[in-house]
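The values are calculated or read from the model by the stated rules, or taken from the named source; none is laboratory data. Everything numeric in this text was worked out from a predicted model, so none of it was measured. Methodologically, a virtual Cβ is constructed for each residue, glycine included, from the backbone with ideal geometry; neighbour enumeration extends over all protein chains shown.
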Amino acid sequence: SGERRPLPNRGIDTGMGLERLAMILQGTASVFEIDLLKPIGDAARRLGSPKAAATDRGKRAARVITDHVRALVFTYAEGVRPSNEGRGYVVRRLLRRAARFGRDLGIEGAFLSRLVPTVVSQMSHYEEYKYLRQEESNVAAAILEEENRFAQTLEQGMGRFEETAAGLEQKKRILFPGEVAFQLYDTYGFPIDLTVEMAAERGLKVDLPGYEAAMEEQRERARRAARFGVRRAGGAWRTLSQGAHSEFVGYDRWEVDGVFVRDVREDEAAAGSHGAAEGAIEFTLDVTPFYAESGGQVADVGILESMPGAENVKLRVVDVYRDGNRIIHRGEMVEGAAASLGPGPYRAIVDGAKRAPTQRNHTATHLLHAALRKRFGTQLKQAGSLVAPDRLRFDFTHPKALTPEDLHAIETMVNEKILDDLPVQTEWTSLKEAQEQGAMALFGEKYGDRVRQVIVDGFSRELCGGCHVKRTGEIGYLRIESEAAIASGTRRIDAVTGALAYRRAEEDRSLLHELASRMGAAREHLRERLAALQDHVHQLQAEHAKQSREGLRNTIERLIEAALREEPPLVVAEVTAHRVEELREAGDLIRRKLPNGGGLLAAAIEGKLSVVASVGTGLQGALSATDWAKDAVSVAEGKGGGKPEQAVAGAKDATRIQEVLERGRAFARERLKGAASEKRSR
């Protein structure tokens, strides 16, 4: 109406947060000097150099670190971990920027994790943040892991930046190349804003259009690589019937009669995504028993067919997904033509052979999540999942690998709940009620006003819209197949349930029976038999190694005796060795026996070419073992390094030993000849 009415409660918005208000009340010059934040900055300064901390750069660094490490503690405690997208990318940027500013305070090595206790101490005395205490050790460990990961490339990246910046300053240019900024991001993990900030400190400006161009080139490469199998939009929708659509009724009903097609579109893209040459369509229904892929659970498949007595039409439903409030089904015509598809009614049938094991795996995933939290604490958070008919995959935040004892305890806990045959109940409540009842929710997930809780009596309570069994006993048996790291601070468990888990157990039993038979021992005595066999193998290996070293020593003695007929005496030969260490020992022998000579030994070890060069003290001014070894293997595209008296090199192709030795002989002759000429000229 355009009418302006006075506010019920008049006031002035000063734009101040609580920290700025505290700054005024406490009479400090900065929010970083208030009693809440100052201890964090002081702790950071103590880790560095007092001289550096007193400079303007040092003061700024302390402020940045204070702000960033506090944010990191809270985000890590909520289960967010560094990644290349979304909130994980923000966390990665914060951590890497703070780590870089540590250099301005004179701090060496990883340090952010050492500030975690100070942040927790400052914040956890507030009731809302007491949970930080139980998260402290895991947060510190996860931050340290990411710091160490970045430290591996930080020095190299800073070297690349300094090299470029110095070159620009020398040429009196100020535009930092966009392609170098992209290289710092892509190769060394420097977020672009960090590069911009560092460049500004040197009076330089980053060529952002050039950076974006390089980024776009990479995106285009990724798009080209990822085009296969990506969902693509279909053509225009054609309405077949009016009314409400996309009501999901599949929690309890896997077969529904009398459903109507609301909208349909025929499109080659839909066909291409599933490999169907023709007859691929997308459609919506008024009601559907087909579950759309969501929350880690894969989509249902099944059949949509005409009701008895109607014109024969049959589609195979191959995928179901959500687009806003629509549930879109992808189908391939089995009988009838897509163009003649009418509004219905039809019979919708979910493939129970796929849905049943998917439900088992989904409920098992909830049990696994609860067991992990009971084992390691509530700081453990879900970081992703996949629930399919043939397997389940659960990603979670945890700073280190699970031990065999951990995995056994978790698997046992889950299977005990399966054997208890507990009821699995669902309940629709408000989000607030669910949170008050202790339901687990995914951090960052968006929930409506009404949420669905899936409750396993006294053990698990999660917000979930997926499909589940009625009782845990239906799962049958859970078996953990593997556990591994997938990212910094994030682990993954793969598991199977039901008949597949039983088959895997049968395979193990069959394997144990075969091993026992081959080793001539009863199953209960396999450990002792295996230990005795390992001891025998180790004994044989030790005897073989001794004989090999003795044989190599005898060979070297003969080669030294032959080399003494020349001046200077050089041993250049192919020998038999089983470990590089044996070649080193042989090289040591040559240096002791030929103080005015040297040796270049080559051997094929585990299918690769290994070389050791050794030079006696009397020859080191004329010939470097490092140069000798490197030049020799260069003919076979090899690499190496070491010291002037002894160096090791190698190449992948062991068949080129003779080429390497010939190159080595020529290199030694040339260097020694040059050294002799220089000596005569003096």
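Restricting attention to segment 400-420, the residues that are surrounded by 14 or more Cβ atoms within 10 Å (Cβ to Cβ) and more than 17 Å from A501 (Cα to Cα) total 4.
Within segment 187-207, residues that are in contact (Cβ under 8 Å) with a residue 60 or more places away in the chain sit with their Cβ atoms under 7 Å from residues that are among the hydrophobic types (A, V, I, L, M, F, W, C), at 6+ positions apart or across chains, in these pairs: G189/F150; F190/L184; M198/F161. Restricting attention to segment 382-399, the residues that are of a type in the set (S, T, Y) and surrounded by fewer than 23 Cβ atoms within 10 Å (Cβ to Cβ) add up to 0.
Quick test of your reading of the structure: R360 fulfils all but one of (1) of a type outside the set (S, T, Y); (2) under 17 Å from Y291 (Cα atoms); (3) surrounded by fewer than 21 Cβ atoms within 10 Å (Cβ to Cβ). Name the failing condition by number. Only one criterion is unmet by R360, namely (3). Determine, yes or no, whether A299 is in contact with an Asp or Glu (Cβ under 6 Å, 6 or more places away or on another chain), free of Cβ contacts under 8 Å to residues at least 60 places away in the same chain and either under 17 Å from G465 (Cβ atoms) or among the hydrophobic types (A, V, I, L, M, F, W, C) (or both). Yes. Checking each residue in segment 186-213 for being buried (at least 19 other Cβ atoms within 10 Å of the Cβ) and either assigned to a helix (DSSP H, G or I) or of a type in the set (F, W, Y) (or both) picks out Y188, F190, L194, T195, M198, A199, Y211.
Within segment 364-381, which residues are within 26 Å of Y129 (Cβ to Cβ), in contact with a Leu (Cβ under 6 Å, 6 or more places away or on another chain) and surrounded by 19 or more Cβ atoms within 10 Å (Cβ to Cβ)? Across segment 364-381, the qualifying residues are L372, L380. Where helices (runs of 4 or more DSSP H) fall wholly inside segment 14-59, the ranges with 1 or more residues that are surrounded by 13 or more Cβ atoms within 10 Å (Cβ to Cβ), free of Cβ contacts under 8 Å to residues at least 12 places away in the same chain and touching a helix residue (DSSP H, G or I) at 6+ places or on another chain (Cβ under 6 Å) are 18-26.
The test for being more than 27 Å from P357 (Cα to Cα) and at pLDDT below 95 holds for T429.
What about R46, is it assigned by TED's automatic domain parsing to the domain that holds S137 and under 30 Å from the mean Cα position of the chain (by Cα)? No: the conditions fail for R46.
Residue-wise test of (1) under 41 Å from the mean Cα position of the chain (by Cα); (2) small (G, A, S).
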| site | (1), (2) |
| --- | --- |
| P6 | no, no |
| R20 | yes, no |
| Q26 | no, no |
| S30 | yes, yes |
| P50 | yes, no |
| A54 | yes, yes |
| K59 | yes, no |
| R63 | yes, no |
| R70 | yes, no |
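With respect to (1) under 21 Å from F74 (Cβ atoms); (2) in contact with a Ser or Thr (Cβ under 8 Å, 6 or more places away or on another chain), the lone exception for A388 is condition (1). Note on segment 438-458: residues that are touching a residue at least 60 places away in the same chain (Cβ under 8 Å) and surrounded by fewer than 19 Cβ atoms within 10 Å (Cβ to Cβ) amount to 3.
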